[in-house]
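Trainee: First the structure, which I've put down as structure tokens, then a few questions once you've had a look.
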Amino acid sequence: MVGRGRHQHNEINAAFKKVRKVDGLAVVESHNRHRWGWVECVCGATPYQVWCTPRNPGNHAKGILEWVADHSECGKSEEIS
């Protein structure tokens with residue numbers, strides 16, 4: 001059994017570690033059907049949905065990291081404003 005705040009796939013947990021290091025981004029765990037939760041940013045952009053059982057966990061983790069790369073500046077721009 002996987003504890004709260006952890007995904008069952010190690011690749012996705014590794015992506016979550018990188019998300020938590022970026023200011024302005026957060027991992028939100030909220031189980032609803034096949035969704036495990038989402039990754040959100042302070043800029044109000046559409047959150048990235050994280051699935052419980054993705055077909056390919058490695059590709060899903062890459063998708064999370066790509067989304068993080070696109071939104072890593074959001075927290076910095078919010079601090080300046």
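The values are calculated or read from the model by the stated rules, or taken from the named source; none is laboratory data. Just so it is clear, the model here is predicted, and its values are computed rather than measured. Using ideal geometry, Cβ is built from the backbone for each residue, glycine included, and neighbour counts are taken over all protein chains shown.
Trainee: Any chance you could count how many residues in the stretch 31-45 are exposed (fewer than 15 other Cβ atoms within 10 Å of the Cβ), assigned to a strand (DSSP E or B) and not basic (Lys, Arg)?
Mentor: 2
Trainee: Could you grab me the full set of residues in the stretch 33-57 that are in contact with a strand residue (DSSP E or B) (Cβ under 9 Å, 6 or more places away or on another chain), of a type in the set (S, T, N, Q) and over 16 Å from Asp70 (Cα atoms)?
Mentor: Thr53
Trainee: Can you pull out the residues in the stretch 46-56 that are under 13 Å from the mean Cα position of the chain (by Cα) and not in a strand (DSSP E or B)?
Mentor: Thr46, Pro47, Cys52
Trainee: Follow-up. For the list (1) buried (at least 16 other Cβ atoms within 10 Å of the Cβ); (2) in a strand (DSSP E or B); (3) β-branched (Val, Ile, Thr), I need the number of the one condition that Val28 fails.
Mentor: Checking Val28 against (1) buried (at least 16 other Cβ atoms within 10 Å of the Cβ); (2) in a strand (DSSP E or B); (3) β-branched (Val, Ile, Thr), the one that fails is (1).
Trainee: Can you name the residue in the stretch 2-25 that is more than 17 Å from Trp67 (Cα to Cα) and buried (at least 19 other Cβ atoms within 10 Å of the Cβ) and, of all such residues, is modelled with the lowest pLDDT?
Mentor: His7
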